[in-house]
Amino acid sequence: MADVGSGLNGAAGQAPGLAVKVERWPIAGGFAISRGAKHEAVVVVASVSEGGLTGRAECVPYAHYGESVEGVVAAIEACAPAVAGGLSRAELAGLLPAGAARNALDCALWDLEAKRSGQSAASLAGLPPLHPVLTAITLSLGTPEAMAEAARQALEHPLLKLKLGGAGDVARLRAVRAAVPRARLIADANEAWQPHETESLLAEAAAAGVELVEQPLPAGDDDLLARIARPIPVCADESVHDRASLDALADRYDAVNIKLDKTGGLTEALLVAERARALGLKIMVGSMVATSLAMAPALLVAQGADFVDLDGPLLLAADRAPGLTYDCGLVFPPDPALWG
């Protein structure tokens, strides 16, 4: 991995500059999980400019983690003096906590470093050239009939991710499996299951051929998972953020979902993946609903992942241009004009 201390060296008489903006991207048809529905992705884009070059990146503030768009914008803007002084990624980790604001700045610094060096971000991270990876396509939470029909419409995607919500999940699992008997399935309960039903729902998911279930129980109230049968891998999502949260989870989870908006950027995400592997945990790489600019850095972590869920742009009414290329379930490495 490249030195995480890499920083900025402004051109003579020109200090590095920071710009922040909020963008709203409509979601095609809306998107529902157990905690509610939304109809647009509100993202924050940070741009760091130096010597005629600009690195940029995107984050998604998430209210479930106590974040707001205004708060994330303010946190990024407060870093302007540090950016002007040549902020490094290592210094950034001590300046902002893990979360969306640090993600946008960290990934913008990676993008700028790639442009400045003439190398890809993958090369800077010590990785071989990126290759396409298989991503899941997410089916929004709905009635069993609606989810079954959505599954039929998504048959060109080999891996489907079902959003579950507790009540009615048995019917959802059975309906989707009946509709697409050969599709690979994973599922995400978004903390919606009750303790008394978790073991039986895991068994039902296994019977439906589901390969992985994300976060069945609320974060902080998931110790039950260490004491019940887990016939299929259970993946931590809301329960895991950065490296500090990993060790306590190894007895109750089989996998972790690494999202850059949780880890605070690519720098920490790569280290989380390394530590997760050392603990014997499978790796899933996911994201919030956002544009290709948010997915591109995550593709570096996704290279060695067991599961990938980077379908955010496919859920939008339109993506930014240039965007990532998706084809029959594969997502391809970004054009340098997008990121990295």
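Using only the alpha carbon atoms of the chain, find the Kirkwood hydrodynamic radius as the inverse mean reciprocal pair distance, in angstroms to one decimal. Intermediate values should be presented prior to the final figure.
On the way: mean 1/r = 0.0494 Å⁻¹.
The Cα-based Kirkwood calculation yields 20.3 Å.
A simple spin-label model places the labels of CYS328 and ALA63 4.1 nm from each other, with each point 7 Å out along Cα-to-Cβ.
Specify the longest stretch of the chain that does not include any exposed loop site, a site being one of the trypsin sites (Lys or Arg not before Pro) with a non-H, G, I, E, B DSSP assignment and at most 15 other Cβ atoms within 10 Å. Walk me through the numbers before you get to the answer.
On the way: sites that count: ARG35, ARG182, ARG227.
That gives 36-181 as the longest site-free run.
Place the peptides 73-79, 104-110 in order of packing, highest mean first, counting for every residue the other Cβ atoms within 10 Å and averaging per peptide.
Working: 73-79: 18.0, 104-110: 29.6.
The packing order, highest mean first, is 104-110, 73-79.
Positive end of the dipole of region 190-340 (Cβ unit charges, origin at the Cα centre): among LEU299, SER287, ALA337, the Cα lying farthest that way belongs to ALA337. What does a probe at LEU53 reach in region 265-280, counting residues whose amide N is under 19 Å from the point 7 Å along Cα→Cβ? It comes to 266-267, nothing else. Among 284-293, 135-144, sorting by the average number of other beta carbon atoms lying within 10 angstrom of each residue, highest first, gives 284-293, 135-144. For region 229-285, the Kirkwood estimate of the hydrodynamic radius, built from every pair of different alpha carbons, is 11.0 Å.
Probe of 1.4 angstrom, ligands and nucleic acids ignored: what's the accessible area per residue over region 195-340, in square angstrom? Before the final figure, lay out the partial values.
On the way: 4760 Å² over 146 residues.
Normalised by residue count, the accessible surface of region 195-340 is 33 Å².
Other residues with beta-carbon under 12 Å from the beta-carbon of GLU40 carry, at +1 per Lys or Arg and -1 per Asp or Glu, a net charge of +1. The portion of the accessible surface of the chain made up by carbon and sulfur, rounded to a whole percent, is 54 (1.4 Å probe; DNA, RNA and ligands excluded). The GNM of the chain, with springs linking C-alpha atoms under 10 angstrom apart, assigns the highest mean-square fluctuation among TYR65, TYR326, TYR253 to TYR65. Over the chain, DSSP H runs of length four or greater, each weighted -39,500 (n - 2.57), average out per residue to a 222 nm ellipticity of -9000 deg cm²/dmol.
A P(r) calculated from all alpha carbon pairs of region 195-340, with 5 Å bins opening at zero, reads 2, 10, 19, 20, 17, 15, 10, 5, 2, 0, 0 percent. Here region 116-220 is treated with +1 on each Lys and Arg Cβ and -1 on each Asp and Glu Cβ, and its dipole about the Cα centre works out to around 420 debye. Other residues whose C-beta falls under 12 angstrom from the C-beta of ARG102 contribute a net charge of -4, scoring Lys and Arg +1 and Asp and Glu -1.
The values are calculated or read from the model by the stated rules, or taken from the named source; none is laboratory data. This one's a predicted model, so the numbers in the text were calculated from it and none came from an experiment. Here Cβ is always computed from backbone atoms with ideal geometry, including for glycine, and neighbour counts include all displayed protein chains. Remember, those area values only see protein heavy atoms, side chains included, never the ligands or the DNA or RNA. Shrake-Rupley method; radii C 1.70, N 1.55, O 1.52, S 1.80 Å.
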